[in-house]
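Before any comments, here is the structure.
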Amino acid sequence: MRVTLKTVTRLLVAHPRPNCSVSVRDFSFSLAPTVDLPLHSHRPAKTLARIATTSFRSCGGCAPMSTFHVRDKIDLSDTERGIFDRLLATLRHFNLQTQLRVAGGWVRDKLLGKECYDIDIALDNMMGTEFVDKVREYLLSIGEDAQGVCVIESNPDQSKHLETARMRLFDMWIDFVNLRSEEYTENSRIPSKQRFGTAEEDAYRRDLTINSLFYNINTDSVEDFTKRGISDLKSGKIVTPLSPKATFLDDPLRVLRAIRFGARFEFTLDEDLKVAAASDDVKDALAAKISRERIGAEIDLMISGNQPVKAMTYICELTLFWIVFSPPPEFEPTISDGCERLCLSCLDAAWNLIHLLGGSAFTAEQKRLTLCAAMFLPLRNTTYKEKKAKKIPVVNHIIRESLKRKAKDAEMVLNLHQASLKFLSLIPCLVSSEDVQVAEQDWMRDLVDVPVSSRVRVQTGFLLREVKDYWRVALLISTILHHPIDITDEPSQLKKRSDLFNIVENSITKLGLEKVWDIKHLINGKDVMDALQLKGGPLVKESLDKAMAWQLAHPSGTAEECIEWLRKSNSKRLKLQ
């Protein structure tokens, strides 16, 4: 059964106490006067575009560029050597005149001394399926099994423009494709023409120079056909092999990939690349040619990556924020000028709080949703209307329509926003001394027959039963609301938020509520109907909520005591009717 705070709130008695009063409405962000975003357009007002070019401060998300040591040659692991030996043996066995090259990310990561388990083999004169058939035949001839052989059909909508053959060698999945040369039409990122290409043509058609490197298995050597892949890797630069504007117009998704890799490695975006990425032509192409699923997938990788703040900073600086996180055509209230900078500041605060509190306190999924909820916090009160005139949060539209993420992601982010506001009203009492905790609170209504000393425990218990394992996430978000953020947020605020988080967390632990959602009801619906002589209906659920409130107020209580209390409470209700 889903227990909500609504029933409990109806049960609580209001008793004014100024020092425990929090006006959520008073929470506001420091921003310039609002401006209307133009309707029926994917681009916000020009004033937003000009403002977003300022630099953003980050306590930890935008560290100075790191310098990586780039190796002179690739050192193969035993597994990699075993894989490549089998592939070379296949060439010899069938006398194939084919060059085998590992392409892209594996080469980059190995040169940086990082392990990579994503091996893509590029073939210069045959299809991947043809070669995989040869490998399978060779393995069978030497008494080894060919595992997991399959073909992944081309799917342009999912950025899969070529048929890919896949097989499993030494417990690693290996993909095989042919080198290709591509041409694109004006309004699509799906290649209009494809043919076998040379390794050099394939290198130049790639998104970035650091991703254009090959490792030639035949010659055991790294090949840098753009003549700058290795040097850009050493100097930490994000550069396109060809003209950045032409590269982005061919495939605008490369803009987001450039941002993602720049953030991931803390590399510097090339100045010409930034100018091209921020141009109207490229922004129009990104909005028109790229599916929202692909944009959402890239954003998800950034948020889940090691430098989400830096990635979002690039998106803001390149005036791409409202292209990526596009709101619906009409909404209210208007989005404030500079709101994207405030979204970034909230993200930065959450990111730094997670690390200050200890990353192990949150799972990877909790971190991802924490950052999403924090980034969209300034938009939490902005809504739009559906055809049936129902008001829907704009955040829901951004997550489900602009990014095409799962419905449960949108639901969780909205739930976290609501739960954080409820936490905000609880914080003053949870951080107060013991005598204040038992006093009567102004943020509650009546809780029939529940002792004053237990009211904070009951209210907190119901909140935690709503959000379950995500209560620490909601608490973290509420600390951002408790100490309002502006675009010049000071580092000292971070310490205040972390101290507040720790105090409230400790209070919840002392109340014995850290796993309160695992507590089972002492009585069930049948017990309620028997005790109150009911045949069903909403009174059963309301009585079960009352019983849980009594149970939270009396941790050592028994089912018999709970039923007796429920009878007395119901008797009082009937007398008052």
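The values are calculated or read from the model by the stated rules, or taken from the named source; none is laboratory data. Quick caveat, the model's predicted, so the values are computed rather than measured. Counting neighbours? That spans all protein chains shown, and the Cβs are built from the backbone with ideal geometry, glycine included. Side chains included, ligands, DNA and RNA excluded: accessible areas come from the protein's heavy atoms. Shrake-Rupley method; radii C 1.70, N 1.55, O 1.52, S 1.80 Å.
Listed here are the helices (runs of 4 or more DSSP H) enclosed by region 209-324 that have at least 1 residues being closer than 26 Å to Gly113 by Cβ: 229-235, 253-265, 271-277, 292-303, 308-317. Could you list, in sequence order, the residues of region 247-257 that are open to solvent by less than 50 Å² (accessible area, probe 1.4 Å) and free of Cβ contacts under 8 Å to residues at least 60 places away in the same chain? Within region 247-257, Thr247, Phe248, Arg254 qualify.
Scanning region 258-293 for residues that are touching a residue at least 60 places away in the same chain (Cβ under 8 Å), out of contact with any Lys or Arg (no Cβ under 8 Å at 6 or more places or on another chain) and farther than 19 Å from Phe321 by Cβ gives a single hit, Phe265.
Considering region 404-433, the residues that are over 20 Å from Ser507 (Cα atoms) and part of a loop (DSSP other than H, G, I, E, B) include one that is least open to solvent (accessible area, probe 1.4 Å), namely Arg405.
Just to check your reading of the model, which residue among Leu377, Leu424 is among the aliphatic types (A, V, I, L, M) and under 20 Å from the mean Cα position of the chain (by Cα)? So that I can check it myself, show each step before the final result.
Values: Leu424 fails: under 20 Å from the mean Cα position of the chain (by Cα).
Step by step, each of Leu377, Leu424 is checked, and only Leu377 is among the aliphatic types (A, V, I, L, M) and under 20 Å from the mean Cα position of the chain (by Cα).
Got a number for residues in region 261-274 being open to solvent by 50 Å² or more (accessible area, probe 1.4 Å) and over 14 Å from Asp232 (Cα atoms)? Going through region 261-274 one residue at a time, the tally reaches 3.
Only one of the numbered conditions (1) open to solvent by less than 30 Å² (accessible area, probe 1.4 Å); (2) closer than 21 Å to Pro451 by Cα; (3) not aromatic (Phe, Trp, Tyr) is violated by Glu542, and that is (1). Evaluate region 219-228: report whether one residue or more is under 35 Å from the mean Cα position of the chain (by Cα), at pLDDT 95 or above and among the acidic types (Asp, Glu). Taking every residue of region 219-228 in turn, at least one turns out to be under 35 Å from the mean Cα position of the chain (by Cα), at pLDDT 95 or above and among the acidic types (Asp, Glu).
Considering only region 105-182, give the strands (runs of 3 or more DSSP E) lying wholly within it that have at least 3 residues that are under 28 Å from the mean Cα position of the chain (by Cα) and modelled with pLDDT of 90 or more.
Numbers: elements: 119-123, 147-152, 164-169, 172-178.
Counting at least 3 such residues, we get 172-178.
Annotation: Val239 fulfils all but one of (1) in contact with a Leu (Cβ under 8 Å, 6 or more places away or on another chain); (2) surrounded by fewer than 19 Cβ atoms within 10 Å (Cβ to Cβ); the unmet one is (2).
Has region 89-98 got any residue that is surrounded by 15 or more Cβ atoms within 10 Å (Cβ to Cβ), modelled with pLDDT of 95 or more and aromatic (Phe, Trp, Tyr)? No: region 89-98 contains no residue that is surrounded by 15 or more Cβ atoms within 10 Å (Cβ to Cβ), modelled with pLDDT of 95 or more and aromatic (Phe, Trp, Tyr). Only one entry in Ser345, Ser326, Ser304 is closer than 22 Å to Glu490 by Cβ and open to solvent by 10 Å² or more (accessible area, probe 1.4 Å), namely Ser345. Looking across region 367-389, the residues that are open to solvent by less than 30 Å² (accessible area, probe 1.4 Å) and in a loop (DSSP other than H, G, I, E, B) come down to Phe376, Thr382. Six or more apart or on different chains, Cβ atoms under 8 Å: show the pairs whose first residue is in region 500-519 and within 24 Å of Pro484 (Cβ to Cβ) and whose second is part of a loop (DSSP other than H, G, I, E, B). So the pair list comes out as Leu500/Val431; Leu500/His483; Ile503/Val431; Val504/Val431; Ser507/Val431; Ile508/Glu514. Taken over region 275-290, the residue count meeting the criterion of being surrounded by fewer than 16 Cβ atoms within 10 Å (Cβ to Cβ) and modelled with pLDDT under 95 is 1.
Can you name every residue in region 348-362 that is in contact (Cβ under 8 Å) with a residue 60 or more places away in the chain and either over 13 Å from Phe501 (Cβ atoms) or part of a helix (DSSP H, G or I) (or both)? Those that are in contact (Cβ under 8 Å) with a residue 60 or more places away in the chain and either over 13 Å from Phe501 (Cβ atoms) or part of a helix (DSSP H, G or I) (or both): Asp348, Ala349, Ala350, Trp351, Asn352, Leu353, Ile354, His355, Leu356, Leu357, Ala361. So, of the residues in region 518-539 that are surrounded by fewer than 17 Cβ atoms within 10 Å (Cβ to Cβ) and within 15 Å of Ser569 (Cβ to Cβ), which turns out to be farthest from the chain's Cα centre (by Cα)? Per the stated criteria, the residue is Gln533.
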